[in-house]
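I have placed the structure first, in the form of structure tokens, so that the comments after it can refer back to it.
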Amino acid sequence: MSLKEKVDLTRIPQHVAIIMDGNGRWARKHGKNRIFGHSSGVNSVRETSEGCAELGVKYLTLYAFSTENWSRPITEVTALMMLLLKTIKAELKTLLKNDIRLKVIGDISKLPAGVAKELADAMKRTANNKRMDLILALNYSGRSEITRAVKEISLRVEKGEIAPDSITEELISNNLYTAGIPDPELLIRTSGEMRVSNFMLWQLAYAEYFFTEVFWPEFTREELYKAIIDFQNRERRFGKTSEQLVTK
Ligand code: IPE
Ligand code: IPE
Ligand code: MG
């Protein structure tokens, strides 16, 4: 029985989020520079997006560039931005063919103008696609996202549009970049690091975490299946006892 056949297609997570990590270490392992690691990582993005769409995942969020990543050497930041630009251009056709809608979370106003423009164009052209949302986290920070939501809500309170008492979890969710998108049920992080690095802090409240030693450029469909099978073998209790779930 192949790994793919072991995946229960009736219990696919709706939303999978991935911290794509380990490009640099993978490159070093192969005697190459970090940039080579990043460009190799694009193959894994393609594999994972297609793999998820085939399984029926509705939302796939990929952490591609954090606000903290601006502090890397300028040459690496520039190379990442160029790679992003090139990849969006090259993959647009495939996104259209596969009926995938592109979305972005994060502050894209701070990205190079050319990148922001290409992203806006790709988002517009894929806006009516229905099979899966591919959400790129770019210049993203979970804490900034929450801070931004708090500011927006405060302004509405100040204007008298809403009362402090009517601030609910739902209102906060609706003021995040991910408004309207269900929370991820599964978070995958590659490269053996076991931290969230400021990723989707609000949205991951009850997600299942899956860590793998595999570096991002080595992440294939098979690795994706492993993560989903692992997810499907867990008992998601949401504070209840195991017995309650059985008798529910
Ligand atoms: C992830 O790989 C890609 C980005 C953060 C853009 P890294 O570049 O972090 O690779 P390592 O962690 O240094 O190996
Ligand atoms: C997290 O990876 C950000 C992305 C994957 C884009 P990092 O490699 O930047 O994370 P830290 O700094 O090691 O935690
Ligand atoms: Mg890293």
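The values are calculated or read from the model by the stated rules, or taken from the named source; none is laboratory data. Not measured: the values here are computed from a predicted model. As a convention, Cβ positions derive from the backbone with ideal geometry for all residues, glycine included, and neighbour counts pool all protein chains shown. Surface accessibility is based on the protein's heavy atoms, side chains included, excluding ligands, DNA and RNA. Shrake-Rupley method; radii C 1.70, N 1.55, O 1.52, S 1.80 Å.
Name the residues in the range 6-29 that are over 13 Å from LEU187 (Cα atoms), away from ligand 2 (no atom under 14 Å from the Cβ) and either among the aliphatic types (A, V, I, L, M) or open to solvent by less than 30 Å² (accessible area, probe 1.4 Å) (or both), would you?
Hits for the range 6-29 are VAL7, LEU9, ILE12.
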| said: Being among the polar types (S, T, N, Q), open to solvent by 30 Å² or more (accessible area, probe 1.4 Å) and either more than 19 Å from SER173 (Cα to Cα) or out of contact with any helix residue (DSSP H, G or I) (no Cβ under 8 Å at 6 or more places or on another chain) (or both) is the requirement here; does THR126 meet it? | reply: no
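Of all the residues that make up the range 94-116, how many are in a strand (DSSP E or B) and in contact with a helix residue (DSSP H, G or I) (Cβ under 7 Å, 6 or more places away or on another chain)? Full working, then the answer.
Of all residues in the range 94-116, those in a strand (DSSP E or B) come to 100-105.
Now restrict to residues that are in contact with a helix residue (DSSP H, G or I) (Cβ under 7 Å, 6 or more places away or on another chain): 100-104.
Qualifying residue count, the range 94-116: 5.
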| said: Checking the structure you have, find out if any residue of the range 171-180 is within 13 Å of ligand 1 (Cβ to nearest atom) and within 14 Å of the chain's Cα centre (by Cα). | reply: no
| message | Looking at the range 145-160, I want the residues that are over 11 Å from LEU176 (Cα atoms) and have a partner that is assigned to a helix (DSSP H, G or I) with Cβ atoms under 8 Å, at least 6 apart or on another chain. Which pairs are those? | response | VAL157/PRO164
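Kindly indicate which of VAL57, VAL77 is on the phi < 0 side of the Ramachandran plot and touching a Phe, Trp or Tyr at 6+ places or on another chain (Cβ under 7 Å). Write out each step before concluding.
Details: VAL57 fails: touching a Phe, Trp or Tyr at 6+ places or on another chain (Cβ under 7 Å).
Answer to the selection: VAL77.
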| message | Six or more apart or on different chains, Cβ atoms under 9 Å: show the pairs whose first residue is in the range 26-39 and away from ligand 3 (no atom under 12 Å from the Cβ) and whose second is aliphatic (A, V, I, L, M) and in a helix (DSSP H, G or I). | response | ASN33/ALA27; ILE35/ALA27; ILE35/ALA79; ILE35/LEU80; ILE35/LEU83; PHE36/ALA27; SER39/ALA79; SER39/LEU83
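Among the helices (runs of 4 or more DSSP H) contained in the range 133-248, which hold 3 or more residues that are of a type outside the set (Ser, Thr, Tyr) and open to solvent by less than 70 Å² (accessible area, probe 1.4 Å)?
The qualifying helices (runs of 4 or more DSSP H) are 142-158, 221-232.
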| request: Return the pairs, sorted by first residue and then second, in which the second residue is more than 10 Å from ligand 2 (Cβ to nearest atom) and small (Gly, Ala, Ser), the first residue lies in the range 179-200 and is under 20 Å from GLY41 (Cα atoms), the beta carbons are less than 8 Å apart, and the residues are 6+ apart or on different chains. | output: LEU187/ALA17; LEU187/ALA207; ILE188/ALA17; ILE188/ALA227; VAL196/GLY142; PHE199/ALA17; PHE199/GLY142
| said: Return the residues of the range 44-100 that are open to solvent by less than 20 Å² (accessible area, probe 1.4 Å), of a type in the set (A, V, I, L, M, F, W, C), within 16 Å of ligand 3 (Cβ to nearest atom) and farther than 20 Å from LYS124 by Cα; say none if nothing qualifies. | reply: PHE65, VAL77
| said: Considering only the range 113-135, I want to know if a residue exists there that is in contact with a Gly (Cβ under 9 Å, 6 or more places away or on another chain) and within 27 Å of SER197 (Cβ to Cβ). | reply: yes
